[in-house]
Amino acid sequence: MTLLEINAIKECIDKAKGANKIKIGRSADLIWIAMKGVDGKDYALHMQTFFRFCNNEEVLITDMDKYQPISPMTDNEDFDWDLKGNNLLDKWCDEFNKNLSDSIIINSIEINNFGDLKIYFSNSITLTVFVDTTSNDECWRFFVWRGKERNLVITGRGIQCQEGNVNE
């Protein structure tokens, strides 16, 4: 990515600094984070790429955990990862939303020269979002929820700004 692109990403994503009321969930394989900005706007981060939540001591959850059952399974059981509440990621998100959603804020945000995103939360949890393709496929996006601003979309080839918004 060019320095101009990195600076444009930073300018847009910096709107999430200080955000609170953090909620995390998923719709199929898209992972979303909703937040209330200090400016009063509702923001969202959508991820369709590899990500990792960590604390100071361990990896807490990753994108691949959505494909892992909550409990061990026998060989003859069918596992439907897409069934809400059926996988490790869903369980972790439920616990996060129940126990941490109202008590943490986003302290700071970093972008590297590949478009990877790192968010530092107030409770020593970090989220790292990776650009995992060299194509124009979307990796992550940041936008105002139900707003009229353009979506910041990060692909393996850089930034794509898109009109409109997701209002689901």
So how much slack lies between CYS161 and PHE79, counting 0.36 nm per residue of separation and subtracting their Cα-Cα distance, in nm? 25.8 nm
With every protein chain kept in place and a 1.4 Å probe, segment 1-141 has an accessible area per residue in Å² of 54
Under 5 Å between amide H atoms, partner at least 5 residues away or on a different chain: which partners does TRP145 have, H built in plane at 1.01 Å? ASP42, TYR43, ALA44
222 nm [θ] for the chain, helices only, -39500 (n - 2.57) per DSSP H run of 4+, per residue, to 500? -4000 deg cm²/dmol
For GLY147, what is the net charge nearby, where nearby means another residue's Cβ is under 10 Å from its Cβ and Lys, Arg count +1, Asp, Glu -1? +2
Counting sequence-distant residues (5 or more places) and residues on other chains, those with an amide H built under 5 Å from that of ASP132 are PHE50
Counting alpha carbon pairs within less than 8 Å and at least 6 residues apart, what relative contact order, in whole percent, applies to segment 30-168? 22
I'm spelling it out carefully: the read-out is Cα extents along the principal axes in Å, the candidates are (i) 45, 34, 31; (ii) 41, 39, 31; (iii) 52, 37, 34, and one was derived from this structure. Which label? (iii)
Under 8 Å for C-alpha pairs, at least 6 residues apart: give me the relative contact order for segment 1-86, rounded to a whole percent. 16
Once both axes come from the Cα atoms, what is the angle between helix 88-99 and the longest principal axis of the chain, in degrees from 0 to 90, rounded to 10? 70
Whole-Hz couplings from phi, Karplus 6.51/-1.76/1.60, listed for segment 109-118; x for Gly and Pro: 9, 10, 10, 9, 6, 9, x, 5, 10, 10
With a cut-off of at most 15 other beta carbons within 10 Å, and DSSP calling the residue loop, which trypsin sites (Lys or Arg not before Pro) in segment 49-127 qualify? Please list them. LYS84
Projected label distance in nm at TYR67 and SER108, using a 7 Å step from Cα toward the beta-carbon: 3.4
Residue separation between LYS17 and ASN136 times 0.36 nm, minus their alpha-carbon distance, gives in nm 40.1 nm
What's the local net charge at SER101, with K and R +1, D and E -1, over the other residues with C-beta under 9 Å away? +2
With all protein chains present, segment 44-150 has a carbon and sulfur share of its accessible area (1.4 Å probe) in percent of 46
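The values are calculated or read from the model by the stated rules, or taken from the named source; none is laboratory data. All of these numbers come straight from a predicted model, not from anything done at the bench. When we count neighbours, we look across all protein chains shown, and the Cβ atoms used for this are built from the backbone with ideal geometry, even at glycine. Protein only, heavy atoms only, side chains kept; ligands, DNA and RNA dropped before computing areas. Shrake-Rupley method; radii C 1.70, N 1.55, O 1.52, S 1.80 Å.
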